[in-house]
Amino acid sequence: MKTIIRYWAAAAIVALSACNKEKAAVPSLQHEAVTNTISLKAAGKDVFVNVGNQFDSVGVVHNQALNAVWAYEQKTKDTTAAGIRAQVSIFFRVRYGEDISGHISQAETRFKKDFPANADSIPKGYFAPLAGSYLRSILEAIRGIKGPDDYGRFHSAVVAIEAKAISDKSLSRTEQQQVLIVASVARYSAGFWMGKVANGSTNNPADTMGFFGRIRQAINCALADAEGAIDGIGGGDSIREAIEDASLESSLCSAFM
């Protein structure tokens, strides 16, 4: 089950490079994170924002798509891959006026190659050692989440990684951008999935894994999201493609939550 979750959730963000195909800045949403309905019992934090990250809206749009798909699933009880894909496509067609099906297929194929089953390492050849160390730190922060009440500590840890990357003159502008994009996805994704655990929200009424099993699932989904983002930025995808891919594959993970 873990492997299934990690694959579908992760091919996820298969797209997060603000470098190549998209010259415009990341979508400006004026930090709409405050509209999130998920409340986490962690150090008074009930939003996932980091105003110091210029790419924070990548995570915002990612979670807006997840919220739209989750609402559809809760209303219709449809958690099939076909139903989820259709809802994600509708979300981005309305938002951006594009058909994302072709790119999604390519991204999923690349992810399966770069992140085979149970692989937790960063694909070789994509990143310089320093940038790779920042990305691994983000993955380790996700793995270290103890549960919904630990989200505040996790959030602070990732924000600290972001602040260090912003001030690190040894990182190129592109590398800094890559770290900030992955960090944004990680903060928002972990908050979304841990929020579902905290609120007892589920798409599986007959689920027998229990509270701690759902925590493990939430961590796997967030890890998959971040790994998908890493694969996308390493593969040279645009910001918009990154958001679309991340949202689709993350939404597919919702069938297991």
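Go through segment 26-78 and give me each residue that's at pLDDT 85 or above, in contact with an Asp or Glu (Cβ under 7 Å, 6 or more places away or on another chain), in a loop (DSSP other than H, G, I, E, B) and surrounded by 14 or more Cβ atoms within 10 Å (Cβ to Cβ).
Once the filter is applied, which keeps residues that are at pLDDT 85 or above, in contact with an Asp or Glu (Cβ under 7 Å, 6 or more places away or on another chain), in a loop (DSSP other than H, G, I, E, B) and surrounded by 14 or more Cβ atoms within 10 Å (Cβ to Cβ), segment 26-78 yields Val49, Asn50, Asn53.
Which members of segment 96-108 meet the condition of being outside any loop (DSSP other than H, G, I, E, B) and touching a residue at least 24 places away in the same chain (Cβ under 8 Å)? Quick ask: steps written out before the conclusion?
At the first step, the residues of segment 96-108 found to be outside any loop (DSSP other than H, G, I, E, B) are 96, 101-108.
Tyr96, His103, Ile104, Ala107, Glu108 - these are the residues of segment 96-108 that are outside any loop (DSSP other than H, G, I, E, B) and touching a residue at least 24 places away in the same chain (Cβ under 8 Å).
Of the conditions (1) surrounded by 15 or more Cβ atoms within 10 Å (Cβ to Cβ); (2) touching a helix residue (DSSP H, G or I) at 6+ places or on another chain (Cβ under 9 Å), Arg136 satisfies every one except a single condition; which number is it?
In the conditions (1) surrounded by 15 or more Cβ atoms within 10 Å (Cβ to Cβ); (2) touching a helix residue (DSSP H, G or I) at 6+ places or on another chain (Cβ under 9 Å), Arg136 misses (2) alone.
Here are Val197, Val179: which of them is among the hydrophobic types (A, V, I, L, M, F, W, C) and modelled with pLDDT of 90 or more? Walk me through it before giving the result.
Details: Val197 fails: modelled with pLDDT of 90 or more.
One residue alone meets the criteria, Val179.
Can you tell me which residue among Ile104, Ile90, Ile100, Ile84 is surrounded by fewer than 21 Cβ atoms within 10 Å (Cβ to Cβ) and not small (Gly, Ala, Ser)? Even if it seems obvious, please write down each step before you answer.
Details: Ile104 fails: surrounded by fewer than 21 Cβ atoms within 10 Å (Cβ to Cβ); Ile100 fails: surrounded by fewer than 21 Cβ atoms within 10 Å (Cβ to Cβ); Ile84 fails: surrounded by fewer than 21 Cβ atoms within 10 Å (Cβ to Cβ).
Sole residue among the options that is surrounded by fewer than 21 Cβ atoms within 10 Å (Cβ to Cβ) and not small (Gly, Ala, Ser): Ile90.
Look through segment 200-237, keep the residues that are modelled with pLDDT of 80 or more and polar (S, T, N, Q), and return whichever of them is nearest to Ala131 (Cα to Cα).
For segment 200-237, the residue satisfying everything is Asn220.
Does Asn20 satisfy the criteria of being modelled with pLDDT of 50 or more and surrounded by fewer than 20 Cβ atoms within 10 Å (Cβ to Cβ)? Before you say what the answer is, go through the steps one by one.
Details: modelled with pLDDT of 50 or more: no; surrounded by fewer than 20 Cβ atoms within 10 Å (Cβ to Cβ): yes.
Judged against the criteria, Asn20 is not a match.
The values are calculated or read from the model by the stated rules, or taken from the named source; none is laboratory data. Given the structure is predicted, the values throughout are model-derived calculations rather than measurements. In this analysis, Cβ positions are derived from the backbone assuming ideal geometry, glycine residues included, and neighbour counts consider all displayed protein chains.
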